[in-house]
Every structure is written in C-alpha cells, then in structure tokens.
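Written below as structure tokens is the structure these notes are about.
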Amino acid sequence: MRLVQLNVHPLKSGAIRPVSSTTVLPRGLDDDRSWMIVDGDGRLVSAREVHRLFHVVADTPSTDASVAAALRLRAPGHADLLVDVPRAAPVDVHLFSLDLQARPAGAAADAWVRSVLGRDDLRLVWCHAPEQRTLQPGFSQPGDHAAFPDSFPVTIASLASMRRLNDWILERALELGEEPPEPLPVERFRANLVVDGDEPFAEDTWTRVAVGGVGFRIGKPVGRCVMATLDPRTLTTAKEPTRTLARHRRLDGIKTFFAVHLVPETTGRISVGDAVRAG
C-alpha cells in the first residue's frame, strides 16, 4: 500500500487542504482542526448547519509556507484575513457533549466570519491546549488527546473501499431505474490519510498502521453523518452515499461506517508516496 493523499483541515469544517507532507504529532496532523467556529453559547458550528463553511479556505504555515501569520482565511468575495496566535484568556466551548476551552481569535476575526457566513453570533476560537481533551473510553489509552476533530486525531480511508462503494451506488441506482451517477470522490469523507493497494474494506481488520516511519493504532470505525451527503462544490445534499452505506455498511444496526480512526503511537514526518503497512 501507498499513501496517495494527505489532507489537513486547519479550520473544522473548512475547505480540505491537500499537502504533500506534514508532521504527525500526538494530537494528530500538524494544525489539523486547530480552529473552530462557535455560536454565542460557545457551541460548535459546523458545515452540518452552515454549508458555506466548506468554501472557507483556512491555511497555516504548515499547509502553505507563504502564510505569514498563525492562520489565513479566504472566502469568495471577501478580502483575505490574517489571524495571529490568540493571546486572550480561554473561554468555555462545547464540541458536541464535550466541555472544552479555547482562546478567542478576536473581534476582527469574528467580524470576518460573521460577514462570510451570514450569522451575527459566530466566533472563531483556537485550540491552545489539545492535551486537555481525552478520547472515547474503551477505544483510547491514557494520554491520548486531540484538538477539535469529531472523535479521534486522525482518519484513514482506502481508495479500494471507495471504488467498491461507488460500484454499490451504481448498482443501486440501476436497480431503482435511476440515472447512473458520477462516482463520488473520496474527499466526501474528509479523511486525513488516503491509501491504495489493499483489498476493499481490509481496514476493518487492521489493528495498527505504519505510514513511512510513523506508527498509528486503530481507534474505531468512523460513523458517518449527514456531511458525507453534502457536495462541497455546489453545497447541495443528496441521498448518497448514506443510502448505500446503510445497505452495506451498517455495522451496529444504526450508524453507517466508512474509514477508520487512528491514534498516533509515534511522531514524525509523513509524505504522499510513503509505503503503508497494516495488520
């Protein structure tokens, strides 16, 4: 197997930032999901509620070496905004059921986000202490932590599995007399690591993965939500891939699954093209 894609998301629910290499830290990929949008109560606001977040392009020096600040925000029709490392006192934020803390980015960043997304209650916050967050009991070990991903520090997806899923989607459409759809891209699942070279859904049986010289432990399968049905270009939703995942990948009778979560066991640099070993 080889690593064929490497994706970082500096802003949670922001545009995917493909990179050729990055550093793996205990909290996950460098700068992945370090920033988050929250509402007036400090609760996560994601592309589930505000689809336009997918069109906000957030870069840091680790995703674009030309960025001369902690964060650069871009959006169609708006001037770029540079954001320095926040120094304000931490505030309470809420990521689903988790009560965490983060540093506010400040009035200028809040004004930019509100203008772009069309809501006057939004704020931008930064994860100053990822080690504050523990991971799901039963699937993690003491000391495991992350910034603002939904569940675990890193996700990995397989192109072989994606091809099989697209075959199933096509088969279902033909069964129902629907127009054959275009294959969905693996980016719908917003995985950090995309690999190719194994059998479809071989990842269901993995316990550990090594990418180049960096080792990871399997956390658990990734339960999919409505975001996978959202086209990142048009911001429209459809039945797929959820309809087909529900038919073939409903592992507990309720949730649908695609890809798996990882926890870093070592740190280091990884690059597209690296050999991947799993078992």
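What to note about this one:
- Yes/no for Thr244 being more than 13 Å from Gly213 (Cα to Cα), touching a Leu at 6+ places or on another chain (Cβ under 8 Å), exposed (fewer than 13 other Cβ atoms within 10 Å of the Cβ) and of a type in the set (Ser, Thr, Tyr): no
- Residue in the stretch 63-80 that is closer than 30 Å to Gly197 by Cα and modelled with pLDDT of 95 or more present: yes
- Taking first residues from the stretch 164-180 that are in contact (Cβ under 8 Å) with a residue 60 or more places away in the chain and partners that are hydrophobic (A, V, I, L, M, F, W, C), the Cβ contacts under 8 Å between residues at least 6 apart in sequence or on separate chains come to Leu165/Leu184; Leu165/Leu245; Leu165/Phe258; Ile169/Leu184.
- Taking every residue in the stretch 137-149 that is charged (D, E, K, R) and pairing it with any residue that is at pLDDT 95 or above, at least 6 positions away or on another chain, the pairs with Cβ-Cβ distances below 6 Å are Asp144/Leu135; Asp144/Val263.
- Any hit, the stretch 104-118, residues being crowded, with 19+ Cβ neighbours inside 10 Å, within 19 Å of Val45 (Cβ to Cβ), among the β-branched types (Val, Ile, Thr) and out of contact with any Phe, Trp or Tyr (no Cβ under 8 Å at 6 or more places or on another chain): yes
- All positions within the stretch 1-59 that are charged (D, E, K, R), farther than 21 Å from Gly212 by Cα, in contact with a His (Cβ under 9 Å, 6 or more places away or on another chain) and in contact (Cβ under 8 Å) with a residue 60 or more places away in the chain: Arg33
- Test result for Ala191, assigned to a loop (DSSP other than H, G, I, E, B) and either touching a Phe, Trp or Tyr at 6+ places or on another chain (Cβ under 9 Å) or in contact (Cβ under 8 Å) with a residue 60 or more places away in the chain (or both): yes
- Among residues of the stretch 71-95 that are farther than 27 Å from Asp41 by Cβ, none has a beta-carbon under 7 Å from a residue that is modelled with pLDDT under 95 and of a type outside the set (Ser, Thr, Tyr) at least six positions away or on a different chain.
- The sole residue among Ser20, Ser46, Ser13 that is touching a helix residue (DSSP H, G or I) at 6+ places or on another chain (Cβ under 6 Å) and within 20 Å of Arg188 (Cα to Cα) is Ser13.
- Residue match in the stretch 170-182 (condition: among the small types (Gly, Ala, Ser), on the phi < 0 side of the Ramachandran plot, out of contact with any Cys (no Cβ under 8 Å at 6 or more places or on another chain) and not in a loop (DSSP other than H, G, I, E, B)): yes
- Subset tally (residues that are part of a loop (DSSP other than H, G, I, E, B), over 17 Å from Arg103 (Cα atoms) and of a type in the set (A, V, I, L, M, F, W, C)) for the stretch 121-156: 3
Yes/no matrix, rows are residues, columns are (1) modelled with pLDDT of 95 or more; (2) surrounded by 15 or more Cβ atoms within 10 Å (Cβ to Cβ); (3) out of contact with any strand residue (DSSP E or B) (no Cβ under 8 Å at 6 or more places or on another chain); (4) of a type in the set (S, T, N, Q):
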site	(1), (2), (3), (4)
His145	yes, yes, yes, no
Leu159	yes, yes, no, no
Arg164	yes, yes, yes, no
Leu176	yes, no, yes, no
Glu179	yes, no, yes, no
Glu199	yes, no, yes, no
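- Sole residue being surrounded by 14 or more Cβ atoms within 10 Å (Cβ to Cβ) and over 23 Å from Arg133 (Cβ atoms), chosen from Val4, Val93, Val38: Val4
The values are calculated or read from the model by the stated rules, or taken from the named source; none is laboratory data. On a predicted model such as this, the values are computed, not experimentally measured, just so you know. Because the Cβ atoms are built from the backbone with ideal geometry, glycine has one as well, and the counts that use them run over all protein chains shown.
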